[in-house]
Amino acid sequence: MRPILVRAGCAAALLAAGYAAAPAWAQDAARSLAATCTACHGTDGRSVGGVPPSLAGRDKGELLQTMKDFKTGKRPATVMHQHAKGYSDEQLELIANYFAGVTPGAAAAAPAARVNN
Amino acid sequence: MTLSRREFVKWMAASSGAAAVAGCAGMGGAAAGRVVVIGGGYGGATASRYIKLWASDIDVTVVERNDAFVSCPISNLVLGGNTQIGNITMGYDGLRNRGVNIMRDDAVAVDAAARQVRLASGKTLPYDRLIVSPGIDFMYDSIPGLKSADAQNRVLHAWKAGPQTVALRKQLEAMPDGGVFVFQFPMAPYRCPPGPYERVCQVADYFKRAKPRSKIIVLDANPDIVSKKGLFLAAWNGMYKGMIDYRPNSELRDVDVQGMTVKLAFDSVKGDVLNVVPPHGAGSVARQAGLITANQRWCGVDWLTMESVAVKGIHVLGDATLSAPAMPKSASMTNQHAKVCAAAVIALIKGRPVNPQPMMMNTCYSFVDGKNSMHVASVHAYDAAQKTMVAVKGAGGVSTAASELEGTYAWGWARNIWGEALG
């Protein structure tokens with residue numbers, strides 16, 4: 001099952017195709033990459049309380065440029081410069097692409113504990 | 001053929017040239033399966049939620065002995081009087097609403113051959129994939145004076161958030177001004193590397209405010225401060241100057257509960273409140289299931305899937321795992337384990353390829369008082385040659401100083417990582 005094994009004919013077709021036509025396994029990998037960000041930024045980039053900011057539905061170019069600016073140090077940060085340096089530019093593009101494609105919506109806050117149990 | 005990581009990422013990054021890829025769609029398609037999750041903490045709750053988010057047709061059951069989730073991160077602030085236990089306690093209704101079965105029960109045995117989990121209630125749960133996220137259990141056998149339940153109730157660990165957190169806070173409140181708080185903790189690896197040093201700050205913050213003649217004696221089994229050393233020393237030598245007596249290489253030998261004394265190899269230290277975190281290892285169900293592979297304490301995993309290296313079909317998450325190099329035992333790291341595991345479990349059940357290049361990220365905040373916080377961060381990438389996660393060079397680091405801004409981010413982190421687990 002790993003590393004990724006695909007039939008030769010399929011692989012060529014897949015490489016010629018774009019992200020939108022990506023098969024499930026490839027979309028899964030991009031989603032998993034974006035999911036590394038969500039411990040802080042909220043599931044699918046919908047931030048509970050808005051701090052740190054939501055990423056869902058933001059412009060792809062803006063997200064990518066912001067992350068690249070963190071990576072180079074052009075944009076000051078408390079922690080994001082340290083995170084952005086851990087990703088290749090290609091990975092940052094996949095992350096930006098994923099969050100840009102998420103519909104902004106209600107964040108998923110953890111519910112209160114039930115009373116009396 | 002093998003699609004290399006480089007080709008894979010290059011293709012993934014492509015954004016145009018969309019074309020139907022007929023004939024390649026059926027690269028899987030197996031029926032949905034049953035997943036059982038032991039433990040509803042940061043690992044188990046997050047994994048169960050993500051399996052439902054990403055594959056709602058998979059049946060997911062979480063076995064959890066408690067009726068509420070209490071967060072270890074932020075729990076030191078309860079000791080400092082800077083928040084209340086209710087603010088870090090949450091319920092499982094969010095997961096229930098997503099279709100996760102929550103069973104309040106205790107997993108007592110795993111039959112890996114039959115693919116079944118037996119519960120304390122007598123029920124058995126069959127599974128296609130089992131996720132074990134048992135947290136830690138303490139090794140009291142090595143501490144004669146703490147073997148009895150009574151002794152354990154008097155000298156607390158408060159290293160699992162919940163009733164012990166509240167009880168230790170009460171002991172601190174009851175301590176007279178001028179008293180001595182003695183805090184001992186074990187050699188690394190232990191749960192939450194910066195946690196002990198944050199606890200010292202929180203107790204110092206409380207003493208400074210409420211009983212300023214009191215002292216803290218820190219008995220660290222490690223030869224030096226394990227995490228954020230410069231930042232913690234800045235607090236101890238600054239705002240808490242004169243309050244903290246830090247003693248490295250202070251490995252525990254025993255505790256005299258009657259005499260309120262911590263016994264070390266060459267010294268005995270008496271206090272008014274004792275707080276001892278015993279050495280710990282993977283939670284007991286991991287041992288029963290045969291998942292322990294290292295130092296009789298930790299569970300080795302395949303980092304591509306989080307599957308046990310000892311028992312097929314069982315995945316292990318969180319502090320119970322044998323950590324990869326430079327990987328902390330933290331809630332943040334466990335959140336990442338859970339999502340790599342969720343994706344892999346779905347892929348394995350559905351017959352899809354597993355992501356060959358998982359990434360993980362860690363951010364841990366520590367509060368030095370009620371408002372100011374500081375972080376340690378790292379990024380970890382799978383290394384195919386070494387078959388483990390390795391810290392990405394040049395990434396990660398610590399804060400330049402504790403700040404109120406990072407205090408705000410720390411609470412934002414908490415609310416979001418709680419949402420990831422339970423929302």
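The values are calculated or read from the model by the stated rules, or taken from the named source; none is laboratory data. Given the structure is predicted, the values throughout are model-derived calculations rather than measurements. All Cβ positions, even for glycine, are placed from backbone atoms using ideal geometry, and neighbour counts span all protein chains on display.
Things worth noting here:
- Residues that are touching a residue at least 40 places away in the same chain (Cβ under 8 Å) and more than 7 Å from chain A (Cβ to nearest Cβ), drawn from the range B:399-410: B:A401, B:A402, B:G407, B:A410
- Just one of the listed residues (B:S48, B:S56) is modelled with pLDDT of 95 or more, under 22 Å from B:A347 (Cβ atoms) and in a loop (DSSP other than H, G, I, E, B), namely B:S56.
- Test: B:C341 is under 18 Å from the mean Cα position of the chain (by Cα) and either within 24 Å of B:L79 (Cα to Cα) or part of a strand (DSSP E or B) (or both): no
- Members of the range A:14-60 that are within 18 Å of A:S88 (Cβ to Cβ), at pLDDT 95 or above and either more than 11 Å from the chain's Cα centre (by Cα) or assigned to a helix (DSSP H, G or I) (or both): A:R31, A:S32, A:L33, A:A34, A:A35, A:K60
- If the condition is being touching a strand residue (DSSP E or B) at 6+ places or on another chain (Cβ under 9 Å) and assigned to a loop (DSSP other than H, G, I, E, B), then the range B:233-247 contributes B:Y240, B:G242, B:M243.
- Which numbered condition A:T78 fails, given (1) assigned to a helix (DSSP H, G or I); (2) under 24 Å from B:G396 (Cα atoms); (3) at pLDDT 95 or above: (1)
- B:D256 meets the conditions (1) touching a helix residue (DSSP H, G or I) at 6+ places or on another chain (Cβ under 6 Å); (2) over 29 Å from B:D150 (Cβ atoms) in every case but one. The failed one is (2).
- Residue, surrounded by the fewest Cβ atoms within 10 Å (Cβ to Cβ), within the range B:324-338, restricted to residues that are among the polar types (S, T, N, Q) and assigned to a helix (DSSP H, G or I): B:S332
- Residue in the range B:74-89 that is in a strand (DSSP E or B) and not hydroxyl-bearing (S, T, Y) present: no
- Unmet criterion (only one of (1) touching a Gly at 6+ places or on another chain (Cβ under 7 Å); (2) within 13 Å of another protein chain (Cβ to nearest Cβ); (3) not in a helix (DSSP H, G or I)) for B:V62: (2)
- The range B:65-94 residues that are facing another protein chain (nearest Cβ under 10 Å) and surrounded by 22 or more Cβ atoms within 10 Å (Cβ to Cβ), paired with ones that are in a loop (DSSP other than H, G, I, E, B) and among the aromatic types (F, W, Y) (beta carbon under 8 Å, 6 or more apart): B:F69/B:Y92
- Of all the criteria given as (1) at pLDDT 95 or above; (2) surrounded by fewer than 21 Cβ atoms within 10 Å (Cβ to Cβ), the one not satisfied by B:L274 is (2).
- Considering residues of the range B:380-394 that are under 23 Å from the mean Cα position of the chain (by Cα) and either touching a residue at least 60 places away in the same chain (Cβ under 8 Å) or in a loop (DSSP other than H, G, I, E, B) (or both) only, the residue farthest from the other protein chains (Cβ to nearest Cβ): B:T388
- Residues considered: B:T305, B:T363. Of these, the only one that is in a loop (DSSP other than H, G, I, E, B), within 14 Å of chain A (Cβ to nearest Cβ) and either touching a residue at least 12 places away in the same chain (Cβ under 8 Å) or in contact with a helix residue (DSSP H, G or I) (Cβ under 7 Å, 6 or more places away or on another chain) (or both) is B:T305.
- Being modelled with pLDDT of 95 or more and either over 24 Å from B:N362 (Cα atoms) or within 14 Å of chain A (Cβ to nearest Cβ) (or both) is a condition met by at least one residue of the range B:15-33.
Residue-by-condition table, conditions (1) more than 7 Å from chain B (Cβ to nearest Cβ); (2) under 30 Å from B:V70 (Cβ atoms):
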residue: A:G57; (1), (2): yes, no
residue: A:L64; (1), (2): yes, no
residue: A:K71; (1), (2): yes, no
residue: A:T78; (1), (2): no, yes
residue: A:H81; (1), (2): yes, no
residue: A:D89; (1), (2): yes, no
residue: A:F99; (1), (2): yes, no
residue: A:G105; (1), (2): yes, yes
residue: A:P111; (1), (2): no, yes
